[in-house]
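The values are calculated or read from the model by the stated rules, or taken from the named source; none is laboratory data. Note that this is a predicted model, so its numbers are computed, not measured. Counting neighbours? That spans all protein chains shown, and the Cβs are built from the backbone with ideal geometry, glycine included.
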Ligand code: SF4
Ligand code: SF4
């Protein structure tokens, strides 16, 4: 694709990066075929190729409109388009640059600003989020059913963390939402690792994905620095990996090196942390899993939903399914498994209608073979799927205990 970036953009590192990405696109449109929002809305501007054009236009004219903001907002950042693209276009990075540019040029209506600020100042702070959720749950009985189903409950952590000390140690990211609504997931992971002779050290903190997706870069960088300061002593004392049970956090942590690339003090530590980050499926694949095999497989059928962050972000499509099958579990065949469930971080809050339509489609496909439960690999997808089904929805790691 030919580009003629405005002088203002040509001179910046972001502009040069965007230019390179734009030039890789041959506007073939293959990506539209796997884009959930294009499938739902049928508007070129709600597909990856159209969004790429909108960003190109913005960088060429150095101006942005509310319309561009709307179509970029509707993107799920699911990255299915990247998996499909034959030219290797780094759409997600281009979108980040495009969203940053729009955010600084187009003022949002006051309702959107309040909604985004509320998310930004509550969800990534586990203490505050727990308090707000506890208050909200007090009025839960009088809420309409739709709101009641969408609202997660706080889950107490009543059971003990494994206390055996092992020579092999890993950090286990606690995260923000997961540490409040489902601490049982990391407890299950810690017990599993304990059985494999590995000690899991809780690593507190939000990975920074939420503020990053809301284009709040200063806040994201501050979160990363805080995490590095908290985790560094454990890294120095020999932790061999940073294991993540929420696949939604892994692509952000893997990008820490880039996100703090301009920080001379933290740059090398950020790269080290990024290089240690592994989704738990990737970490377990390298261990001796004989101990974990399901020795008494029952006839239960499990429908696995592979989060976009796992299959498109981390490029690990089929990895958890292969692991579960190897360990003796029976998996249902899920049609259109490449499509997003509509959770997509804050998308289920900020784009409710589209998110709901994607959820209904996803559940229809997951429930087709009448499984006994749905399993997935990310807390956001878990809560979103659970809001629309009576079937239990679990993290796959819980099945291994
Ligand atoms: S992003 Fe890739 S698939 Fe989409 S139009 Fe460009 S080259 Fe084609
Ligand atoms: S990230 Fe997902 S929603 Fe966004 S353009 Fe790509 S395929 Fe479409």
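Does residue 64 satisfy being in a helix (DSSP H, G or I) and either more than 16 Å from ligand 1 (Cβ to nearest atom) or buried (at least 21 other Cβ atoms within 10 Å of the Cβ) (or both)? Working first, answer last.
Working: in a helix (DSSP H, G or I): no; either more than 16 Å from ligand 1 (Cβ to nearest atom) or buried (at least 21 other Cβ atoms within 10 Å of the Cβ) (or both): yes.
It is false that residue 64 is in a helix (DSSP H, G or I) and either more than 16 Å from ligand 1 (Cβ to nearest atom) or buried (at least 21 other Cβ atoms within 10 Å of the Cβ) (or both).
Considering only residues that are assigned to a loop (DSSP other than H, G, I, E, B) and buried (at least 19 other Cβ atoms within 10 Å of the Cβ), which ones fall in segment 175-214? So that I can check it myself, show each step before the final result.
Taking segment 175-214 as the starting set, the residues that turn out to be assigned to a loop (DSSP other than H, G, I, E, B) are 175-176, 182-183, 196-197, 204-208, 214.
Within segment 175-214, 175, 176, 182, 183, 205, 206, 207, 208, 214 qualify.
Among residues belonging to segment 83-98 that are assigned to a helix (DSSP H, G or I) and within 8 Å of ligand 1 (Cβ to nearest atom), point out the one that is surrounded by the most Cβ atoms within 10 Å (Cβ to Cβ). First the steps, then the outcome.
So the first thing to find is which residues in segment 83-98 are assigned to a helix (DSSP H, G or I), and the list is 83-84, 91-98.
From what is left, the residues that are within 8 Å of ligand 1 (Cβ to nearest atom) are 84, 91.
Values: 84: 18, 91: 27.
Selected residue: 91.
Consider residue 98 carefully, then state whether it is out of contact with any helix residue (DSSP H, G or I) (no Cβ under 6 Å at 6 or more places or on another chain), at pLDDT 95 or above and either within 25 Å of residue 261 (Cα to Cα) or more than 11 Å from ligand 2 (Cβ to nearest atom) (or both). Walk me through it before giving the result.
Working: out of contact with any helix residue (DSSP H, G or I) (no Cβ under 6 Å at 6 or more places or on another chain): no; at pLDDT 95 or above: yes; either within 25 Å of residue 261 (Cα to Cα) or more than 11 Å from ligand 2 (Cβ to nearest atom) (or both): yes.
Taking the combined requirement at face value, the residue does not satisfy it.
Take the residues in segment 43-55 that are assigned to a helix (DSSP H, G or I) and near ligand 1 (Cβ under 9 Å from one of its atoms); name whichever of them is surrounded by the most Cβ atoms within 10 Å (Cβ to Cβ). Even if it seems obvious, please write down each step before you answer.
Residues of segment 43-55 assigned to a helix (DSSP H, G or I): 44-46, 48-55.
From what's left, near ligand 1 (Cβ under 9 Å from one of its atoms): 48-49, 52.
Values: 48: 28, 49: 22, 52: 22.
Of everything passing the filter in segment 43-55, 48 is surrounded by the most Cβ atoms within 10 Å (Cβ to Cβ).
Name the one entry in 70, 40 that is modelled with pLDDT of 95 or more, in contact with a helix residue (DSSP H, G or I) (Cβ under 9 Å, 6 or more places away or on another chain) and surrounded by 16 or more Cβ atoms within 10 Å (Cβ to Cβ).
Numbers: 70 fails: surrounded by 16 or more Cβ atoms within 10 Å (Cβ to Cβ).
Within the list 70, 40, the selection yields 40.
Output the number of residues of segment 317-367 satisfying the condition of being part of a loop (DSSP other than H, G, I, E, B), more than 16 Å from ligand 2 (Cβ to nearest atom) and free of Cβ contacts under 8 Å to residues at least 40 places away in the same chain.
Within segment 317-367, the first condition is being part of a loop (DSSP other than H, G, I, E, B), and the residues that meet it are 317-318, 327-329, 332-346, 351.
Checking the rest, the ones that are also more than 16 Å from ligand 2 (Cβ to nearest atom) come to 318, 327-329, 332-335.
Remaining after also requiring free of Cβ contacts under 8 Å to residues at least 40 places away in the same chain: 318, 328, 332-335.
The total comes to 6.
Exactly one of (1) in a helix (DSSP H, G or I); (2) surrounded by 14 or more Cβ atoms within 10 Å (Cβ to Cβ); (3) without any contact (Cβ under 8 Å) to a residue 40 or more places away in the chain is unmet by residue 75. Its number?
Against the list (1) in a helix (DSSP H, G or I); (2) surrounded by 14 or more Cβ atoms within 10 Å (Cβ to Cβ); (3) without any contact (Cβ under 8 Å) to a residue 40 or more places away in the chain, residue 75 comes up short only on (1).
Give all pairs with beta carbons closer than 6 Å in which a residue from segment 17-31 that is more than 13 Å from residue 56 (Cβ to Cβ) meets a residue that is within 16 Å of ligand 2 (Cβ to nearest atom) and in a loop (DSSP other than H, G, I, E, B); count only pairs at least 6 apart in sequence or on separate chains.
Qualifying pairs under 6 Å: 26/87; 31/85.
Among the residues of segment 51-60, is any within 11 Å of ligand 2 (Cβ to nearest atom) and under 27 Å from residue 362 (Cα atoms)?
Checking segment 51-60: at least one residue is within 11 Å of ligand 2 (Cβ to nearest atom) and under 27 Å from residue 362 (Cα atoms).
Can you pull out every residue in segment 4-37 that is under 24 Å from residue 83 (Cβ atoms), more than 11 Å from ligand 1 (Cβ to nearest atom) and touching a helix residue (DSSP H, G or I) at 6+ places or on another chain (Cβ under 8 Å)? Lay out the reasoning, then the answer.
Of all residues in segment 4-37, those under 24 Å from residue 83 (Cβ atoms) come to 17-37.
Next, only the ones that are more than 11 Å from ligand 1 (Cβ to nearest atom) stay: 17-20, 36-37.
Answer for segment 4-37, where residues must be under 24 Å from residue 83 (Cβ atoms), more than 11 Å from ligand 1 (Cβ to nearest atom) and touching a helix residue (DSSP H, G or I) at 6+ places or on another chain (Cβ under 8 Å): 17, 18, 19, 36, 37.
For the list (1) touching a residue at least 40 places away in the same chain (Cβ under 8 Å); (2) within 11 Å of ligand 2 (Cβ to nearest atom), I need the number of the one condition that residue 38 fails.
(1)
Could you please let me know if residue 373 is more than 14 Å from ligand 2 (Cβ to nearest atom) and crowded, with 21+ Cβ neighbours inside 10 Å?
Spelling it out, it is not the case that residue 373 is more than 14 Å from ligand 2 (Cβ to nearest atom) and crowded, with 21+ Cβ neighbours inside 10 Å.
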